[in-house]
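*Asks:* The structure that follows is given in the form of structure tokens.
A short reminder: the numbers here are calculations on the coordinates, not readings from a lab. Small disclaimer: the values here were computed from a predicted structure and weren't measured. Backbone-built Cβ (ideal geometry, glycine too); neighbour counts: all protein chains shown.
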């Protein structure tokens, strides 16, 4: 926040690309009650659903199980069709 104030004083330009200081303060006040939702997405265009090997499926399955059990985080894999 102080960097934005300093930037405004020295250059006349805000460091915010979207929103402003007031919007950031509103988010900061609400942050303690927000529940973050995270997801891991693997994008591998060279991975074909039709040609995926059993070893690849095993690794992806193990990765999915680890993420769900450890972090309650889903895994999504995007490949070529």
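*Asks:* Restricting to the range 6-60, what's the tally of residues that are in contact with a helix residue (DSSP H, G or I) (Cβ under 8 Å, 6 or more places away or on another chain), more than 23 Å from residue 74 (Cα to Cα) and in contact (Cβ under 8 Å) with a residue 12 or more places away in the chain?
*Replies:* 3
*Asks:* Residues being assigned to a loop (DSSP other than H, G, I, E, B), under 19 Å from the mean Cα position of the chain (by Cα) and surrounded by 11 or more Cβ atoms within 10 Å (Cβ to Cβ): count how many of those fall in the range 36-81.
*Replies:* As a first pass, look at the range 36-81 and keep what is assigned to a loop (DSSP other than H, G, I, E, B): 36-39, 49-53, 72-74, 81.
Still in the running and under 19 Å from the mean Cα position of the chain (by Cα): 36-39, 72-74.
Next cut, surrounded by 11 or more Cβ atoms within 10 Å (Cβ to Cβ) only: 73-74.
Final tally of qualifying residues: 2.
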